[in-house]
Amino acid sequence: VQTDPRPQWNPLKRALWDAHVKQLLESSCSVAAVVTCINAIGATQNGNSGTASQTDILDRVTTGHWKERMSNNGYRGRRGLPLPVLGRVIEESLNVYGLKFQSVEVVRTPRNMPRQSAVRTTLKRRLHGFDRSGNGLIVAHFDQGSLVPTLNIPHISPVGAFDSAGGRVTMLDVDPEQDRPYAVD
């Protein structure tokens, strides 16, 4: 993605792009994604951009043994965050940093989702709401290798934009190997 998608009329989206960081450790995509979101929300709520760092948040947010999951050995041999734990980590992060929010919702999508499914319709409506009015953020948990040439592994990054006409989502990938945001169907 080459164009600057930071519209003046959507301060949350603009703040999200400004707060975007790359992950520091191999398995810490969740940390960079959550820090990006926390700092964007902080910037729009009270002008405190950059209040969360990747090392600080792991010390402050203990849900799901997050810090241990980011270590080389993982927590009980497991590295990274499964989707349900990611939702709890995001909610605790918002609370720890004193940010106001209405809800955190985890939406699991089936592998072969029909084009006319209720989940797809809801996700498109939320993507449109995020993109046009900044009424929420979306963090994706996806198979990175299905989108870019890399390993097929679970990955977490914030959504940066949505083109409703073309149906394309711009990913603010936190992987340091992805030098710029990219759009996917």
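The values are calculated or read from the model by the stated rules, or taken from the named source; none is laboratory data. Predicted model only: the values in this text are computed from it and were never measured. All Cβ positions, even for glycine, are placed from backbone atoms using ideal geometry, and neighbour counts span all protein chains on display. Each accessible area value is taken on the protein alone, full model and side chains, heavy atoms only, with ligands, DNA and RNA left out. Shrake-Rupley method; radii C 1.70, N 1.55, O 1.52, S 1.80 Å.
Considered as a group, the residues in region 64-73 that are out of contact with any strand residue (DSSP E or B) (no Cβ under 6 Å at 6 or more places or on another chain) and under 17 Å from residue 156 (Cα atoms) include one that is most open to solvent (accessible area, probe 1.4 Å), and that residue is 67.
Rundown of residues vs (1) surrounded by 12 or more Cβ atoms within 10 Å (Cβ to Cβ); (2) more than 16 Å from the chain's Cα centre (by Cα); (3) without any contact (Cβ under 8 Å) to a residue 12 or more places away in the chain, yes/no style:
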| residue | (1), (2), (3) |
| --- | --- |
| 83 | yes, no, no |
| 87 | yes, no, no |
| 93 | yes, no, no |
| 96 | yes, yes, no |
| 101 | yes, no, no |
| 104 | yes, no, no |
| 108 | no, no, no |
| 112 | no, yes, yes |
| 119 | yes, yes, no |
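Between 175, 185, the distinction of being under 14 Å from the mean Cα position of the chain (by Cα), surrounded by fewer than 20 Cβ atoms within 10 Å (Cβ to Cβ) and of a type in the set (Asp, Glu) belongs to 175 only. Condition check: within 21 Å of residue 60 (Cα to Cα), in contact with a Leu (Cβ under 7 Å, 6 or more places away or on another chain) and not in a helix (DSSP H, G or I). Does residue 103 satisfy that? No: the conditions fail for residue 103. Residues in region 52-63 that are assigned to a loop (DSSP other than H, G, I, E, B) and open to solvent by 70 Å² or more (accessible area, probe 1.4 Å): 62 only. Under 6 Å between Cβ atoms, which residue pairs at least 6 apart in sequence (or on different chains) link something in region 159-179 that is farther than 18 Å from residue 18 by Cβ and assigned to a strand (DSSP E or B) with a partner that is aromatic (Phe, Trp, Tyr) and open to solvent by less than 60 Å² (accessible area, probe 1.4 Å)? Taking only residues 6 or more apart or on different chains, the pairs are 169/162. Do the conditions hold for residue 134, that is, is it open to solvent by less than 80 Å² (accessible area, probe 1.4 Å) and in contact (Cβ under 8 Å) with a residue 40 or more places away in the chain? When the stated conditions are applied, residue 134 passes them.
Put simply, of 146, 164 the only residue that is among the hydroxyl-bearing types (Ser, Thr, Tyr), within 14 Å of residue 185 (Cα to Cα) and touching a His at 6+ places or on another chain (Cβ under 9 Å) is 164.
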